[in-house]
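Engineer: Dumping the structure here so I can ask a few things about it.
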Amino acid sequence: MQVGEKNDKLRIPFFGASVLNYLSWKEQNRSFEQLGVFGFGTFNLTGRGDPEQFTGTPISPSMFPVLGIQPKLGRAFAEGEDRPGSAGVAMLSEALWKRRFGGERSIAGRSVTLNGTAYTIVGIAPASLALLTGGDIWVPLLIDPAREFRLNHVVRAVGLLKPGVSMRQAQAEMDTVAARVGMQYPEVKDWGIALMTFHNWFVPNQLATALLVLLAAVTFVLLIACANVANLLLSRAASREKEIAVAHCDGRESRTSAAATFD
């Protein structure tokens, strides 16, 4: 599920997270197997062909185990590759890999230049990652706590609940965590934690309502079509009533004649 922030005083029911609050959640919660986080960005890809700009996503290495997915080729990001000063590594979408690099199986280990910095391609991401985060290029989200602010809501967090932990139990614990963080850091005392299932994330209430209205409209049209077909069949049957009656009478006369001949 998605783990976001909320502010009842500002009437914000669900919002992005700050990196520092995300780190506090990871340290203090006991409801989630793991938490992951992703941001937003753009990348200018240069070298081997014309320069191109792509949307991209910095993600934490924990995103793969949280989502339970595996790369199409190569490997995912490793723990520690999100620390400042780590060697630059990147993953590409399958579409970009096939279009720009011809789907070469030896792509892992190749160097590319993103925003003027050299990165080593370590793998090809599955389409399911792009569905969640968007973009064609992924790099580790570098986290430097000294350069972050708790009120800077620039990332989205996701989490995998531990077996046997309900959403209600997790929400109760995260409320406690939010209160504790608010006591430690008064600037975020009005910010709580909100949980949202992936279903509600991808199908918000407005979309669900629209889909129900569309379903009702389609059902109504189908009923009208069925009624029209039924009326058409009844009309055709009524128009052939005399013909059917004559055929029935002819059939009876034929049987009578045959019986008389037999006698």
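The values are calculated or read from the model by the stated rules, or taken from the named source; none is laboratory data. Bear in mind that the values here come from a model prediction, so they are computed numbers and not experimental data. Cβ coordinates were reconstructed from backbone atoms using ideal geometry, including for glycine residues, and neighbour counts include every protein chain displayed. With ligands, DNA and RNA removed, areas are computed over all heavy atoms of the protein, side chains included. Shrake-Rupley method; radii C 1.70, N 1.55, O 1.52, S 1.80 Å.
Engineer: If you take the residues of the stretch 118-173 that are part of a loop (DSSP other than H, G, I, E, B) and open to solvent by 70 Å² or more (accessible area, probe 1.4 Å), which of them is nearest to Arg75 (Cα to Cα)?
Structural biologist: Taking the stretch 118-173 as the starting set, the residues that turn out to be part of a loop (DSSP other than H, G, I, E, B) are 126, 134-136, 141-144, 148-152, 162-166.
Narrowing further to those that are open to solvent by 70 Å² or more (accessible area, probe 1.4 Å): 142, 149, 151, 162-164.
Details: Leu142: 18, Phe149: 32, Leu151: 34, Lys162: 25, Pro163: 27, Gly164: 30 Å.
Once the filter is applied, the top-ranked residue is Leu142.
Engineer: Now, a different point. Only residues in the stretch 69-98 that are without any contact (Cβ under 8 Å) to a residue 60 or more places away in the chain and open to solvent by 40 Å² or more (accessible area, probe 1.4 Å) count as the first member; pair them with residues that are in a loop (DSSP other than H, G, I, E, B) and among the hydroxyl-bearing types (Ser, Thr, Tyr), Cβ under 9 angstrom, at least 6 apart or cross-chain, and list the lot.
Structural biologist: Here the result reads Glu79/Ser62, each pair linking the stretch 69-98 to a residue that is in a loop (DSSP other than H, G, I, E, B) and among the hydroxyl-bearing types (Ser, Thr, Tyr).
Yes or no, residue by residue, for (1) out of contact with any His (no Cβ under 7 Å at 6 or more places or on another chain); (2) in a loop (DSSP other than H, G, I, E, B); (3) closer than 30 Å to Gln184 by Cα; (4) at pLDDT below 95:
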{"residue": "Val3", "(1), (2), (3), (4)": "yes, no, yes, no"}
{"residue": "Lys6", "(1), (2), (3), (4)": "yes, no, yes, no"}
{"residue": "Leu23", "(1), (2), (3), (4)": "yes, no, yes, no"}
{"residue": "Phe77", "(1), (2), (3), (4)": "yes, yes, no, no"}
{"residue": "Gly85", "(1), (2), (3), (4)": "yes, yes, yes, yes"}
{"residue": "Arg99", "(1), (2), (3), (4)": "yes, no, no, yes"}
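Engineer: Right, here's the next one. Quick one: Ala178 ticks every box in (1) more than 18 Å from the chain's Cα centre (by Cα); (2) at pLDDT 95 or above; (3) open to solvent by 50 Å² or more (accessible area, probe 1.4 Å) except a single one, so which number is it?
Structural biologist: Status for Ala178: all satisfied but (3).
Engineer: Follow-up question, since we're still on this one. Within the stretch 51-61, track down each residue that is out of contact with any Asp or Glu (no Cβ under 8 Å at 6 or more places or on another chain) and either touching a residue at least 24 places away in the same chain (Cβ under 8 Å) or in a strand (DSSP E or B) (or both).
Structural biologist: Keep residues of the stretch 51-61 that are out of contact with any Asp or Glu (no Cβ under 8 Å at 6 or more places or on another chain), which gives 51-53, 57-59.
Across the stretch 51-61, the qualifying residues are Glu52, Gln53, Thr57, Pro58, Ile59.
Engineer: Quick one: Arg105 ticks every box in (1) surrounded by 12 or more Cβ atoms within 10 Å (Cβ to Cβ); (2) more than 28 Å from Gly159 (Cβ to Cβ) bar one, so which box is it?
Structural biologist: Result: Arg105 passes all but (1).
Engineer: A further question follows. For the list (1) closer than 17 Å to Tyr119 by Cβ; (2) buried (at least 18 other Cβ atoms within 10 Å of the Cβ), I need the number of the one condition that Val66 fails.
Structural biologist: Single failed check for Val66: (1).
Engineer: Within the stretch 21-42, is there a residue that is open to solvent by 80 Å² or more (accessible area, probe 1.4 Å), without any contact (Cβ under 8 Å) to a residue 12 or more places away in the chain, out of contact with any Pro (no Cβ under 6 Å at 6 or more places or on another chain) and not small (Gly, Ala, Ser)?
Structural biologist: Taking every residue of the stretch 21-42 in turn, at least one turns out to be open to solvent by 80 Å² or more (accessible area, probe 1.4 Å), without any contact (Cβ under 8 Å) to a residue 12 or more places away in the chain, out of contact with any Pro (no Cβ under 6 Å at 6 or more places or on another chain) and not small (Gly, Ala, Ser).
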